[in-house]
Amino acid sequence: MFSSLLTPLQRVLHSGRPSHEPSMDELVKQSIAIVEQRKKAAVPWVPDEPHDQPYYRWVDGGWQATKPGVDSSGAAGEPKPAAPGRLALYSWNIDFMLSYGDSRMLAAIRHLEELCSAQASEIPIVIFFSECLESDLKVITSDSYVRESFHVTDLNRQYWQSGHYGTTTLVDKRLAIQACFRIHYSKTRMERDGLFVDLSLGTTQPQKPQQKPLRLCNTHLESLALDPLFRPPQLALCARHMHSPDVHASILAGDLNAIQDFDKHLHSDNELKDAYLEMGGSEDDAEAGHTWGQQAATAQRERFGTCRMDKVLFCGKVTCQSFERFGVDVQIQNEREREDIVRLGFDKPWITDHLGVKAVFSVDAE
């Protein structure tokens, strides 16, 4: 979700300190101009169809484009890929409207590094980010922790539906990527897509069929309560690929913009399970379940309240072992930057208006 429930056409990034204190209206106007300017005139993909893309490995001091399915286990410093018995998935929307995007993304990475370091070392990690700008990708791919620990799906905005913002996924180097593709939604006003990564669960054995992969989907569904509704067809399209007979199981996560009553049953409409609900969470428990609004600007929180926008959905032969939120009260540290963000109407200089969601899964046998 975007701050104050606005579309991405109403957002803008300020990389430095403005010459005067901007108003929210000024941020909206600047954002509209930027997104319109960066709209892609032509694209190589067919809407609603998978479009393959490479992923990138840090090799010999640079990010190397790699075709999914290629064995990279011989690269210096890389662990030999293994089939995951368990997986920890983190998903976080980092608000890109606010000033000081580099500082905020860097704080997000440091927080995630701390969380990942505290969990069991044998569990591989995947991180979903949404609302990224190209400058966020530069921060992510320049970070030593990311370079040492993950493969990444994006170095720039080339494969995004939008010419301005999008999603990106970080995959633990201990995992083998079998496929990487995006499905760019035809039904979208806001240039949304789904980013899919298939993880290998094993190699072909003599006289046995190849093990089906674990499919992951990072998506940011349509914002706002507008007609016609676009979140239902977007999630239905993702679910169709999640239920493919060619995959062992599927997990989807992201900012699903669940702000209307029908959003509460979109998962069951598509024969998906909701990790939060499966672990005993209640749809009406704002204190335990909501992920947006607690760290929004005060006026936005008073106007819209809080809600459970961010979710983890799954199907197939996986079991959700735990679910939790993270990212509470993470703030930028530079004093001048803190003051500027608070002046925009925030209680504290939080790095984003969303809490993140984390789920740990075990992979069941065939």
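Here are the numbers for this structure:
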{"read-out": "Whole-number percent relative contact order across the range 48-133, with pairs defined as alpha carbons under 8 Å at least 6 apart", "value": "29 percent"}
{"read-out": "Fluctuation leader among R174, R336, R157 - the chain, Gaussian network, Cα springs under 10 angstrom", "value": "R336"}
{"read-out": "For the chain: relative contact order, % (alpha-carbon pairs under 8 angstrom, 6 or more apart)", "value": "19 percent"}
{"read-out": "Residue exposure sequence - C116, C238 - by fewest surrounding Cβ within 10 Å", "value": "C116, C238"}
{"read-out": "Residues with amide H under 5 Å from that of Q321, placed H, sequence gap 5 or more", "value": "V360, F361, S362"}
{"read-out": "Axial C-alpha extent at least 18 Å, average Kyte-Doolittle at least 0.0 - helices from the chain (DSSP)", "value": "24-37, 101-118"}
{"read-out": "Unit charges at the beta carbon, dipole of the chain: most positive-side option, I341, C307, Q37", "value": "Q37"}
{"read-out": "Cα point-scatterer Debye curve for the range 76-150, base-10 log of I(q)/I(0) at q = 0.11, 0.13, 0.24 Å⁻¹", "value": "-0.31, -0.43, -1.21"}
{"read-out": "Inter-part distance where the range 122-190 and the range 234-250 are each reduced to a Cα centre, Å", "value": "20 Å"}
{"read-out": "Charge-dipole axis of the range 3-363 as Lys and Arg at +1 and Asp and Glu at -1 on Cβ define it, positive-most pick from G327, L170, A275", "value": "L170"}
{"read-out": "Helical mean residue ellipticity (222 nm; -39500 (n - 2.57) per DSSP H run of 4+; nearest 500) of the chain", "value": "-6500 deg cm²/dmol"}
{"read-out": "Using alpha carbons only: equivalent-ellipsoid semi-axes of the chain, gyration tensor based, whole Å", "value": "31, 23, 20"}
{"read-out": "Neighbour net charge for G281 - beta-carbon separation under 9 angstrom, K R +1, D E -1", "value": "-3"}
{"read-out": "Above-threshold pairs, the threshold being 28 Å between Cα atoms, out of K40/K138; K173/K264; K39/K317; K40/K173", "value": "K173/K264; K39/K317; K40/K173"}
{"read-out": "Student exercise, the range 3-363 dipole from Lys, Arg, Asp, Glu Cβ charges, in Debye to nearest 20", "value": "840 debye"}
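Every number in this text was worked out from the coordinates using simple rules, so none of it is lab data. Values in this document were obtained by computation on a predicted structure and should not be read as measured data. Here the Cβ is made from the backbone with ideal geometry for all residues, glycine too, and neighbour counts use every protein chain on show.
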